Amino acid sequence: MAVSAALALAPRLSVAPRDPAAETEALLGVAGWAAQFTPGVALEFPDCVLLEVSGSLKLFGGLEPLLELLRRGLKEMGWSTTLAVAPTPRAAFWLALAGKGEFIGSTAELEPALAALPVEIFCRNDETRAALEAIGVRTLGELRALPRDGVARRFGQGLLDELDRGLGRLPDPRIFFVPPARFRAAIELPAEVTQAEALLFAVRRLIVQLSGFLAARSSGVQRFVLRLGHRDRAATEITIGLVALSRDAEHFTLLLRERLSGLALAEPVREVILQADDLVPLSGRNLGLLIEQGKPPGRWESLVERLRARLGADAVRGIASRAEHRPERAGVVADLEAKQMQMDFGERPFWLLDRPRPLAEIDAVPHHDGRLELLVGPERIESGWWDDDEVARDYFVARTQNEALVWIYRERRGEGGWYLHGVFA
Amino acid sequence: MAGKPFSFAALLERPDIWRGGSLSRAGTPTVPSEFPRLDAELPGSGWPAGALTEILPAHEGIGELRLLGPALAALSNRGLWLAWIAPPHLPYAPALAVAGIDIGKIVIVRTPSAKETLWATEQALASNACGAVLAWPKSVKYADLRRLQIAAEGGRAPAFLFRSPEAAGESSPAPLRIALSTAAGGLEVRVLKRRGAPLARPILLPAMPPAVRGKNHHVDRYSTAATAARDFPPRLVHA
């Protein structure tokens with residue numbers, strides 16, 4: 001149909017030129033995602049992906065559950081598809097092409113199912129198709145009713161061979177698709193998006209694709225990049241670093257949601273690109289034999305990442321003890337699972353104040369919520385003359401009027417004075 | 001009627017029979033507090049896992065963390081993570097290590113606002129990835145507490161919320177609420193709420209740091225003659 005004719009029928013039609021490169025990229029993307037279900041993935045350009053699933057049925061619990069996974073995944077990636085199943089790849093391809101979502105289990109059912117298909121499904125040659133139409137052959141069944149030698153003489157052996165491959169009478173070898181070593185997928189947005197959170201819908205499609213791709217390669221990633229393409233500016237880059245390898249789409253989505261929710265876009269976004277370069281082998285998950293009670297234990301790494309995505313990387317830290325006499329250096333904020341160096345000290349409090357707090361001194365007695373009673377001490381700490389952070393202090397355990405225990409010291413340098421440094425919580 | 005001899009005592013042992021005055025045993029798993037006198041009064045003999053425990057100390061520094069020390073030590077030594085959310089000060093690693101806690105398993109989460117504190121606590125509980133969750137929310141409403149309690153349910157982590165003593169008067173969905181104060185040089189634990197019959201009498205725990213134990217009267221001449229500090233032989237630390 002000509003564009004002008006189409007517009008005459010539907011004036012509000014929006015017409016876009018076909019983009020073969022984008023179609024190929026999309027097809028490869030689907031193939032990479034689908035490789036998680038079977039190693040036997042073949043492509044039928046421009047718009048079909050063939051999966052050899054007979055070996056995967058047991059793992060996925062049968063055909064129907066597997067089809068459900070395929071359907072859901074393809075939908076999540078935003079594709080409208082037709083799924084067809086047949087004993088031969090060519091027959092499945094034809095059925096899908098004809099828009100018939102038929103599931104044919106045995107070769108015996110194949111012939112009647114194919115008989116109803118129109119000839120243009122499998123006959124690519126326009127001349128042959130016109131000739132077939134001219135002799136009144138419209139379906140595959142009608143073609144098969146003609147004498148074989150006559151058909152071969154008139155249309156060539158190729159047409160018969162094609163038919164025989166579809167029916168499984170001739171071998172139909174395929175070159176299997178090999179997923180690339182890296183992941184990169186892009187979606188060009190139909191309209192420019194100004195709200196970062198609104199991008200999540202498109203990003204989610206890419207994440208599903210990434211997750212399937214990683215499952216196909218039995219790999220995980222520790223780092224991936226979301227790039228937001230603008231019209232005039234350089235792309236906005238969001239790098240997601242993970243504590244541990246993962247390929248969990250839900251987890252990726254959560255992390256990106258947190259990051260996108262806090263993002264102010266400098267310019268509208270036209271394109272989103274998801275990229276993961278360093279794939280690391282990650283084995284599958286073993287399920288427990290017994291049904292566990294309560295909630296399944298969550299992954300610690302996921303929690304840390306979720307907290308960091310929202311609060312910032314510095315908000316989630318560990319603590320460490322160091323071989324140091326100066327109290328503020330003996331116990332510090334550190335990386336998670338930092339190396340620990342323990343020394344034998346006197347009594348130390350559970351809380352250390354970020355900064356020692358000066359205490360009032362009345363009648364030569366330090367006060368904090370009233371008069372302080374010194375219980376243990378002094379413990380003299382003199383250290384740090386070598387790095388310009390010298391301390392010279394006498395530490396005491398003291399009791400407040402409220403019977404709380406605090407850790408205080410008397411400064412021995414400069415003007416002296418009493419300071420609160422810790423709380424025995 | 002033939003059959004097994006009927007035993008009333010055996011009937012009472014059934015976990016689904018609850019008698020007023022006894023504590024509920026069935027149901028939720030617990031983490032022992034390792035204080036025998038306290039465990040005896042807690043339903044399930046310990047801190048409830050997968051539930052909120054509110055701790056309301058009268059003042060800071062009376063032993064509110066020492067009370068949790070043994071339980072935290074046991075959990076961390078089983079390789080479980082301890083999440084400290086919005087702590088008021090720095091958890092001091094040398095002291096925690098002396099208490100037997102594997103400090104490599106402690107993670108502190110700093111939050112910019114009270115809202116984020118609740119969010120982080122809810123995440124930590126809902127993930128079920130922690131051995132224990134300790135949180136210091138600045139302000140928390142009943143609805144927030146209910147969200148947290150729901151997030152904690154079914155999980156394995158006891159969740160300790162440290163709140164001000166004024167909160168004792170407010171209602172709360174937390175199944176265990178404990179008020180702390182000091183008495184006779186020890187820690188006085190009042191169980192405000194537990195699953196089972198209420199506890200009228202407070203429990204007195206010797207939850208003092210070892211070096212301070214027995215020092216109920218000021219024994220140091222410093223308090224009267226602090227200016228003479230330099231004349232006393234201090235325990236010297238040379239580096």
Q: Hey, could you check region A:380-407 for residues that are on the phi > 0 side of the Ramachandran plot and facing another protein chain (nearest Cβ under 9 Å) and say which is farthest from the chain's Cα centre (by Cα)?
A: A:Glu403
**Q.** Selection within region B:99-123 - within 20 Å of A:Ala338 (Cβ to Cβ) and either within 7 Å of chain A (Cβ to nearest Cβ) or out of contact with any strand residue (DSSP E or B) (no Cβ under 9 Å at 6 or more places or on another chain) (or both)
**A.** B:Ala99, B:Gly100, B:Ile103, B:Gly104, B:Ile106, B:Val107, B:Ile108, B:Val109, B:Arg110
Q: Scan region A:408-425 for residues that are within 10 Å of A:Pro356 (Cβ to Cβ) and either in contact with a Gly (Cβ under 7 Å, 6 or more places away or on another chain) or within 9 Å of chain B (Cβ to nearest Cβ) (or both) and report the count.
A: 3
Q. Of all helices (runs of 4 or more DSSP H) completely enclosed by region A:126-174, which ones contain at least 3 residues that are surrounded by fewer than 10 Cβ atoms within 10 Å (Cβ to Cβ)?
A. A:126-134
(Q) Return the pair list, or none, for Cβ contacts closer than 7 Å from residues in region A:163-174 that are among the small types (Gly, Ala, Ser) to residues that are surrounded by 14 or more Cβ atoms within 10 Å (Cβ to Cβ) and in a loop (DSSP other than H, G, I, E, B), at least 6 apart or on different chains. (A) A:Gly166/A:Thr88; A:Gly166/A:Phe122; A:Gly168/A:Pro87; A:Gly168/A:Thr88
(Q) Any residue that is touching a Ser or Thr at 6+ places or on another chain (Cβ under 9 Å), surrounded by fewer than 17 Cβ atoms within 10 Å (Cβ to Cβ), more than 23 Å from A:Arg144 (Cβ to Cβ) and modelled with pLDDT of 90 or more - is there at least one of those in region A:73-82? (A) yes
(Q) Can you go through A:Ala364, A:Ala323, A:Ala330 and tell me which one is surrounded by fewer than 21 Cβ atoms within 10 Å (Cβ to Cβ), within 30 Å of A:Trp300 (Cβ to Cβ) and at pLDDT below 90? (A) A:Ala323
**Q.** The lone exception for B:Gly214 - which of (1) in contact with a Lys or Arg (Cβ under 9 Å, 6 or more places away or on another chain); (2) within 13 Å of chain A (Cβ to nearest Cβ); (3) modelled with pLDDT under 90; (4) within 26 Å of A:Phe424 (Cα to Cα) it fails
**A.** (1)
Q) Listed residues A:Leu226, A:Leu206, A:Leu199, A:Leu189; which is outside the structural domain of A:Glu23 (by TED's automatic domain parsing) and under 14 Å from A:His251 (Cα atoms)? A) A:Leu206
Q) Of everything in region A:342-358 that's in a strand (DSSP E or B) and facing chain B (nearest Cβ under 7 Å), which residue is surrounded by the most Cβ atoms within 10 Å (Cβ to Cβ)? A) A:Leu352
Q. How many residues does region A:304-320 contain that are facing chain B (nearest Cβ under 8 Å), in contact (Cβ under 8 Å) with a residue 12 or more places away in the chain and out of contact with any Pro (no Cβ under 8 Å at 6 or more places or on another chain)?
A. 7
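This table checks each residue for (1) out of contact with any Leu (no Cβ under 7 Å at 6 or more places or on another chain); (2) under 18 Å from B:Ala51 (Cα atoms); (3) not in a strand (DSSP E or B).
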site: B:Val140; (1), (2), (3): no, yes, yes
site: B:Asp144; (1), (2), (3): no, yes, yes
site: B:Ala151; (1), (2), (3): no, yes, yes
site: B:Gly154; (1), (2), (3): yes, yes, yes
site: B:Ser171; (1), (2), (3): yes, yes, yes
site: B:Ser181; (1), (2), (3): yes, no, no
site: B:Val189; (1), (2), (3): no, no, no
site: B:Arg201; (1), (2), (3): yes, no, yes
Q. Of everything in region A:367-379 that's in a loop (DSSP other than H, G, I, E, B) and surrounded by 16 or more Cβ atoms within 10 Å (Cβ to Cβ), which residue is farthest from the other protein chains (Cβ to nearest Cβ)?
A. A:His368
Q: Look through B:Gly63, B:Gly3, B:Gly44 and report the one residue that is at positive phi, at pLDDT below 90 and in contact with a Lys or Arg (Cβ under 8 Å, 6 or more places away or on another chain).
A: B:Gly44
Q. Quick one: is A:Glu361 farther than 22 Å from B:Ile106 by Cβ, outside any loop (DSSP other than H, G, I, E, B) and either touching a residue at least 12 places away in the same chain (Cβ under 8 Å) or facing chain B (nearest Cβ under 8 Å) (or both)?
A. yes
Q: Can you confirm whether region B:17-30 contains a residue that is modelled with pLDDT of 65 or more and in contact with a Ser or Thr (Cβ under 9 Å, 6 or more places away or on another chain)?
A: yes
Q: State which residue is farthest from A:Arg257 (Cα to Cα) when the search covers only region A:226-238 and only residues that are out of contact with any Gly (no Cβ under 9 Å at 6 or more places or on another chain) and buried (at least 16 other Cβ atoms within 10 Å of the Cβ).
A: A:His230
Q: Residue by residue through region A:15-46, note down the ones that are assigned to a loop (DSSP other than H, G, I, E, B) and out of contact with any Asp or Glu (no Cβ under 7 Å at 6 or more places or on another chain).
A: A:Val15, A:Ala16, A:Pro17, A:Arg18, A:Asp19, A:Ala35, A:Gln36, A:Phe37, A:Pro39, A:Phe45
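The values are calculated or read from the model by the stated rules, or taken from the named source; none is laboratory data. A quick note: this is a predicted structure, and the numbers were derived from the prediction, not measured. Neighbour counts run over all protein chains shown; Cβ positions are idealised from the backbone, glycine included.
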